[in-house]
1. Looking at this structure, is P55 in contact with a helix residue (DSSP H, G or I) (Cβ under 9 Å, 6 or more places away or on another chain) and surrounded by fewer than 19 Cβ atoms within 10 Å (Cβ to Cβ)?
2. Those residues that are farther than 17 Å from P221 by Cβ, touching a residue at least 12 places away in the same chain (Cβ under 8 Å) and either hydrophobic (A, V, I, L, M, F, W, C) or loosely packed, with under 15 Cβ neighbours inside 10 Å (or both), I need them from region 95-115; list them, please.
3. Any idea how many residues of region 123-156 are closer than 21 Å to V239 by Cα and aliphatic (A, V, I, L, M)?
4. Which residue pairs have Cβ atoms closer than 8 Å, lie 6 or more positions apart in sequence or on different chains, and pair a first residue in region 183-201 that is within 21 Å of L107 (Cβ to Cβ) with a second residue that is hydroxyl-bearing (S, T, Y) and surrounded by 18 or more Cβ atoms within 10 Å (Cβ to Cβ)?
5. List pairs: first in region 118-131 and without any contact (Cβ under 8 Å) to a residue 24 or more places away in the chain, second in a helix (DSSP H, G or I), Cβ under 7 Å, 6+ apart or cross-chain?
6. State whether the residues of region 115-128 include one that is of a type outside the set (A, V, I, L, M), assigned to a loop (DSSP other than H, G, I, E, B) and over 23 Å from A206 (Cα atoms).
7. Of all residues in region 255-278, count the ones that are within 15 Å of T72 (Cα to Cα) and touching a residue at least 60 places away in the same chain (Cβ under 8 Å).
8. Enumerate the helices (runs of 4 or more DSSP H) found wholly within region 174-264, keeping only those where 1 or more residues are modelled with pLDDT of 85 or more, under 30 Å from W274 (Cα atoms) and out of contact with any Lys or Arg (no Cβ under 8 Å at 6 or more places or on another chain).
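The values are calculated or read from the model by the stated rules, or taken from the named source; none is laboratory data. Since the model is a prediction, treat every value here as computed from it, not as a measurement. Counting neighbours? That spans all protein chains shown, and the Cβs are built from the backbone with ideal geometry, glycine included.
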Amino acid sequence: MTAGLMDRGRRRGPLGRLLANGAAALSLAVLSALVLACFAAPLIGALLGLDATTPDLFSIAAPPSPAHPLGTDEIGRDLLMRLLEGGRVSLTVGLAAALSASAIGTLFGLIAGWRGGILDAALMRLADSVISLPLLPLLVVLAAIDPEKAGLPPALVHSESFSLYRIVIIIALVGWTTTARLVRGSVLSLREREFIEAARAQGLPASRILFRHLLPNAASPILVAATLTIGNVILFESVLSFLGLGVQPPIPSWGNMLTGAQDLIASAPMLAIWPGLLIFAAVIAFNFLGDGLQEALDPRSEARQRH
């Protein structure tokens with residue numbers, strides 16, 4: 001029986017290997033709880049009778065109470081609901097920007113690895129140029145550009161959700177390089193394999209070979225890179241929002257909650273500690289989960305476990 005259990009342990013799939021990694025499993029549980037709580041914020045607010053938008057100038061920075069479980073913020077809004085609503089925005093921005101950057105990087109990596117030659121060299125030199133730039137100062141400069149002077153309609157620029165779209169687009173335009181290089185490397189190693197040669201011999205079009213045969217085999221590094229990117233995006237969004245260049249009030253995010261709390265840091269430190277802790281927990285959890293996925297999706301990890 002012991003031998004059978006050991007044999008089943010050795011044959012664990014990627015999910016089993018992921019859950020066997022203590023740090024990755026804990027990170028997955030933390031992120032699941034965060035996502036569930038943040039995206040269920042309207043339901044939680046309705047059940048508790050709390051509101052994230054209504055200020056109470058007679059209850060500014062109030063301590064925790066039965067009416068406000070975590071107290072109130074700098075203008076009397078419920079802190080718990082602000083944290084949940086802000087988490088929903090920060091996580092959405094992180095996911096949307098990571099998916100957009102991964103899509104751009106995947107497309108460039110597929111084209112570069114498949115076509116090779118001058119096109120490959122041009123795309124990789126473009127990636128090298130973006131990588132060589134200091135990322136945070138570049139994001140600050142891009143976020144500080146006046147969209148109206150760039151020709152965008154004023155109605156769009158002044159819409160409530162424009163700041164969300166802008167930060168997703170900015171991060172996607174500079175965050176695609178890692179995925180592109182990973183996908184290119186996978187395509188270069190796969191395009192000479194027998195199943196690709198067989199697809200070519202059958203006369204299949206390049207688009208079908210790329211998206212039906214090469215892309216599924218390059219999915220593991222894409223998934224790992226996207227997971228790690230989400231944590232980085234949350235951190236960058238928080239920094240930009242703290243500087244006033246990211247998500248703009250009245251839309252809450254963990255970053256602009258830190259901005260609102262800085263004037264009361266001495267008298268009400270929890271206004272800054274709570275969003276700071278959530279940013280820290282989310283970023284660390286995504287990084288540990290990405291590392292765990294990298295090991296779980298590596299076909300050599302099972303062989304290492306057997307030895």
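1. no
2. Result: L95, A96, A97.
3. Counting residues in region 123-156 that are closer than 21 Å to V239 by Cα and aliphatic (A, V, I, L, M) gives 13.
4. Taking only residues 6 or more apart or on different chains, the pairs are V183/T106.
5. L119/I111; L119/A112
6. no
7. Final tally of qualifying residues: 11.
8. Fully inside region 174-264 and qualifying: 219-242, 254-261.
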